[in-house]
Every structure is written in structure tokens, then in C-alpha cells.
Amino acid sequence: MDYLPIFMDLKGRHAVVVGGGTIASRKAELIAKSGVSMTIVADRIAPAMEAAIDRLGFKWLEKKFEPSDVETAHIVVAATDDEQVNAHVQRAASARRIPVNVVDAPELCSFIMPAIVDRSPVMIAISTGGKSPVLARHVRSFLERTLPSQLGRLGTLFGKFRARVAERMASFAERRNFWEMVMDSAIPDLVYAGRDDEATERLNETLSNEQWRLPKCGRVHLIGAGPGDAELFTIKGQRLLQKADVVVYDRLVPVGVLEMCRREAETIYVGKRSGDHPLPQEQISALLIRLARQGKCVVRLKGGDPFTFGRGGEELAELLEAGIDAQVVPGVSSANGAAAYAGIPLTHRDHAHSVSYWTGHLKAETLDQLDWRGMATGRQTLVFFMARPNASRIADHLLENGLSAVTPTAIVMAATTPRQQVIRTTLKAMPERMDQTDRELPALLIIGSVVGLRSRLEWYDGGSDQSEIVFPRHCSVPAAERATA
């Protein structure tokens, strides 16, 4: 974070803008909206500044700048077209510990002027730290189009009820529960439609019926965080994260998703990897139950999809058996995300009529009992999760059951992230290539002729392609090389 985003109360304070041009007038008019008294220091002024002075009653010191001009200021802006004068203003303000902004010189600024979306009392400030004002304006334009024009009226209505709500509800948790209930109701839509009286009446009813009181037992949301790209996280998941009191998360949850949590939420890491289980599965389920029984809203975040090798079914069963209210929010499976970002369709009418998902993270005796003969027959795609520890066994079983040694195979690591790596190889060479990869990166294994399509369908350049063979345009394994049932 290059700058701390804060909002300053300047009502009744004094601001000084040095400069008399059009840009200076824009800065002065914007700052004046905060309720400050304004002094302009300039030996000459442009028509835009003259109009602003006449319209808003700014004080104008018709002179060249002197350090004493900022003595009584609480905020200073240097907006002349002379870099030396601007630097002089900056030194004078800094010496007096007065916040100062120098136009087009972020290195001289102690604060910067963000792009603003004004839905007073709702204010949104967008900044790039002075690196790209055009980008900030682009984001502002997007938000202006997206946010309801009457959002400010909703904020004003809520402000009228704030004291009553605080008087009625002693705990912060109850107040938050009440306001979240209001936001999920029809009240905001009534305000946006201009039906303020109806919205006020409905808000009074909600406050009176005491539905806002916290339940004796909380709720658990099992949410899939997706394969790595935070933009693949669902809208519903994001909304529930903002309600969570506690977030229990795994190792493969994207950092960008965690940053969507409500800042006051407690976060608990229970990540597991091969040979390293900080909290055993039975203790994770017990933790979720205990937190819910404390009346908390709990989010259980899992990488990928919770019902696809995420043990979500086990956790949901234990929660329901314990009488805990729970729901599941699906996520983009790691298989779907990895395949799509690698340019490998899991099904294709010329290559694969089916796809099957398998876990490679099993003990040897259990792994041996999988339907290897079924995997080696037909036109299908095989996807192995957590295949790294048993890569050699997987390859050996498939080869022994008739799958060709040259079957196209892809190892996709850190899928959908900027660190994504894709290694295209053959089934026979796959274990050796897997052993050479970074063990810290999650890896997914895709086996089948669809892997050969990557050379034509590759679109994501966030990572690197470490291909060791060239696949023909159509590379279905010949029938003679496949085992028959």
C-alpha cells in the first residue's frame, strides 16, 4: 500500500491553493465541497478561476507565493505551471507539517487527490498512487455506471436510523446482523425507486419485529474458492464472505479471495499438504461445529470446488448431523480451471466423448484397486488431482492396462494464476517430468489426446509452456494400441 486511504473532515478548516489556472480552479472547487474556507494565491488568474472566486467567495491574494501564505492552512495544493514555485510551496508546507499536494508530482505529495465517485454521504475514492490518473478515471467511470444513482439517499436513510438501532441493540454483532438483513431486503430497491416513505415504513417494521436478533446457533457456508484466479470466485461467495465472523481456509485458497473477507472477520488457517496436516480433518469439522454453536457466521473456504475432492461432503454430513444450519456454494473446479487456462478442452467430439476425475492421493493398496482397465479404454480424458506423490504408479498402472506410452499428457501447475506452468509430455515420460517440477506448486494431471489441442487453443499467457514434444493436429491413440475390455 503506497498511500493510506483516509477521509478528512475539513469543515471549518482553511485551505490554500497556490496557482490561478484552470487546473488550480478545479482543485479549489473540489476541496471547497468539504466545507473549508479557501484562499487562492496567484499573481494572475484564468477566467475559470475568476468565475470560481466570484461564485464561491474564495479569498484571492493577488501576489507571488511566500511561505507565510500557508501559516494558517490545514491543507495546501500547489498547482502552478512553474516547477520551482511548486517545489517552494511543498517545502513551506512540509516544514510546517501541513498536508500538501503538488499537481503532477506525486513524489512531492504528502497526500494525493483521488478520482471520486460522489454519492454523498457515500464517497468512493480511487487512486493509482499517481502512476496512472487515466486508469483511475476509467475505474471511476465504471463505478459511476454500476452503482445506483440513489445510493446516497439510501445512506442518508440509514443515517437517520443509526442512533435508534444503536439504542435498541447493545452488541455490535446484533447491529451488523440487523443492517445485513436490511440490505438483503426490499428496502434498498424501494429507495432506488424513489419510494422513500415506503422504505422508511418497512425499516421501522424491521426494527420493531426483532427478527434481527442473533440465532442461538450460527450458520456454516462451505464455499469453493476456485482454482487460483480470484476473478473466478462467485458473486454469492463474495457476498457471504462479507458477512462472515470467521473464515476457515485451506492452503490453496487464492490470496485475492481472502482479501475479499470482511476486515473484522477472524481467519483460521487449516491448510493441508502431503505429509503436513496442521489440523486433522476430524478436528476441522469439530472446529466448524464449535464456531457455529457460538452463534457465529462461518465460512469454510476450500480451493476449487468443495464437492470435487475437497471433502466437502464429509464436512457437510457432520455439520447436518450436529444440527448445524449449513449450505454449499460451488466453485470453479481446479480441473475445469486448469484445463480451460491451459487451452485443453476436457471433451471434444474428435478426441474424447467423456471425462473422468480421479484422485492420485491414495495409499498404494487403495490406488491399486482403481478401475485402471476402464481408464485405458474408450475415447476419454483422465484428470488426476493430487497426483504428484503417485505419478509413477499412475503411469505404470495405465501402461500395464494398455494405454499407449505416447498418450499425450499435460502437467498443469498453479493453474489460472500468473505462475501457471504447463508441461506437455507423454504418459511414459510424465513421472520423470513431474519429479522435476516445483513441489510447492499444486499440480493437476490431464491425460488424453485432447492435450494435443493445446498447440492450437493456447490463449492464456500468464505462465510458460515447457513442451518437450510436438503433437500432430489430431493425435488420438490408435485403437490397436488401446486395451480392449
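Quick grid of which residues meet (1) of a type outside the set (Lys, Arg); (2) within 23 Å of residue 441 (Cα to Cα):
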site: 355; (1), (2): yes, no
site: 369; (1), (2): yes, no
site: 373; (1), (2): no, no
site: 379; (1), (2): no, no
site: 384; (1), (2): yes, yes
site: 392; (1), (2): yes, yes
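Looking only at residues that are hydrophobic (A, V, I, L, M, F, W, C) and open to solvent by less than 40 Å² (accessible area, probe 1.4 Å) in segment 192-222, which one is modelled with the highest pLDDT?
Initial filter on segment 192-222 (hydrophobic (A, V, I, L, M, F, W, C)): 193, 199, 203, 207, 212, 214, 217, 220, 222.
Going one step further and asking which of them are open to solvent by less than 40 Å² (accessible area, probe 1.4 Å), we end up with 199, 203, 207, 212, 220, 222.
On the way: 199: 94, 203: 93, 207: 89, 212: 63, 220: 94, 222: 97.
Only one residue fits best here, namely 222.
State whether one or more residues within segment 176-191 are of a type in the set (Val, Ile, Thr), part of a strand (DSSP E or B) and open to solvent by less than 50 Å² (accessible area, probe 1.4 Å). Break it down stepwise before answering.
At the first step, the residues of segment 176-191 found to be of a type in the set (Val, Ile, Thr) are 182, 187, 191.
Still in the running and part of a strand (DSSP E or B): none.
Checking segment 176-191: not a single residue is of a type in the set (Val, Ile, Thr), part of a strand (DSSP E or B) and open to solvent by less than 50 Å² (accessible area, probe 1.4 Å).
Select from segment 323-340 the residues that are out of contact with any Leu (no Cβ under 6 Å at 6 or more places or on another chain) and open to solvent by less than 30 Å² (accessible area, probe 1.4 Å) and write down the one among them that is modelled with the lowest pLDDT.
Among residues in segment 323-340 that are out of contact with any Leu (no Cβ under 6 Å at 6 or more places or on another chain) and open to solvent by less than 30 Å² (accessible area, probe 1.4 Å), the one modelled with the lowest pLDDT is 324.
Mind checking which strands (runs of 3 or more DSSP E) fall wholly inside segment 62-148 and carry at least 3 residues that are buried (at least 19 other Cβ atoms within 10 Å of the Cβ) and either among the small types (Gly, Ala, Ser) or at pLDDT 95 or above (or both)?
75-78, 100-102
I want to confirm something. Restricting to segment 356-383 and keeping residues that are aliphatic (A, V, I, L, M) and touching a His at 6+ places or on another chain (Cβ under 9 Å), which single residue is surrounded by the fewest Cβ atoms within 10 Å (Cβ to Cβ)?
Of segment 356-383, the ones aliphatic (A, V, I, L, M) are 362, 364, 367, 370, 375-376, 382-383.
Among the residues that remain, those that are also touching a His at 6+ places or on another chain (Cβ under 9 Å) are: 367, 370, 375-376.
On the way: 367: 18, 370: 15, 375: 21, 376: 24.
So the residue we want is 370.
Only one of (1) outside any loop (DSSP other than H, G, I, E, B); (2) in contact (Cβ under 8 Å) with a residue 40 or more places away in the chain; (3) more than 20 Å from residue 244 (Cβ to Cβ) is not met by residue 309, so which one is it?
(1)
Does residue 292 satisfy the criteria of being aliphatic (A, V, I, L, M), closer than 24 Å to residue 419 by Cα and at pLDDT 90 or above? Can you show your working first?
Values: aliphatic (A, V, I, L, M): yes; closer than 24 Å to residue 419 by Cα: no; at pLDDT 90 or above: yes.
Taking the combined requirement at face value, the residue does not satisfy it.
Within segment 61-85, how many residues turn out to be in contact with a helix residue (DSSP H, G or I) (Cβ under 7 Å, 6 or more places away or on another chain) and without any contact (Cβ under 8 Å) to a residue 40 or more places away in the chain?
The number of residues fulfilling the criteria is 2.
Got a sec? Which of 410, 391 is assigned to a strand (DSSP E or B), within 23 Å of residue 352 (Cα to Cα) and of a type in the set (Gly, Ala, Ser)?
Numbers: 391 fails: assigned to a strand (DSSP E or B).
None of the others qualify; the one that does is 410.
Report yes if some residue within segment 28-50 is surrounded by fewer than 17 Cβ atoms within 10 Å (Cβ to Cβ), assigned to a helix (DSSP H, G or I) and within 39 Å of the chain's Cα centre (by Cα); otherwise report no.
The answer is yes, given that some residue of segment 28-50 is surrounded by fewer than 17 Cβ atoms within 10 Å (Cβ to Cβ), assigned to a helix (DSSP H, G or I) and within 39 Å of the chain's Cα centre (by Cα).
Only residues in segment 91-118 that are over 30 Å from residue 155 (Cα atoms) count as the first member; pair them with residues that are open to solvent by 40 Å² or more (accessible area, probe 1.4 Å) and among the hydroxyl-bearing types (Ser, Thr, Tyr), Cβ under 6 angstrom, at least 6 apart or cross-chain, and list the lot.
The qualifying pairs are 100/110.
Since residue 292 meets every condition but one in (1) part of a loop (DSSP other than H, G, I, E, B); (2) touching a residue at least 60 places away in the same chain (Cβ under 8 Å); (3) crowded, with 16+ Cβ neighbours inside 10 Å, which condition does it not meet?
Result: residue 292 passes all but (1).
Restricting attention to segment 260-267, does a residue exist that is modelled with pLDDT under 85 and either among the acidic types (Asp, Glu) or under 15 Å from residue 218 (Cβ atoms) (or both)?
Looking for residues that are modelled with pLDDT under 85 and either among the acidic types (Asp, Glu) or under 15 Å from residue 218 (Cβ atoms) (or both), one finds none in segment 260-267, hence no.
Among the candidates 269, 341, single out the residue that is within 29 Å of residue 390 (Cα to Cα), in contact (Cβ under 8 Å) with a residue 60 or more places away in the chain and aromatic (Phe, Trp, Tyr).
Details: 269 fails: in contact (Cβ under 8 Å) with a residue 60 or more places away in the chain.
When all the criteria are applied, what remains is 341.
The values are calculated or read from the model by the stated rules, or taken from the named source; none is laboratory data. Because the structure is predicted, anything quoted here is derived from the model rather than measured. Glycine gets a Cβ as well: all are built from the backbone with ideal geometry, and neighbour counts include every protein chain shown. Remember, those area values only see protein heavy atoms, side chains included, never the ligands or the DNA or RNA. Shrake-Rupley method; radii C 1.70, N 1.55, O 1.52, S 1.80 Å.
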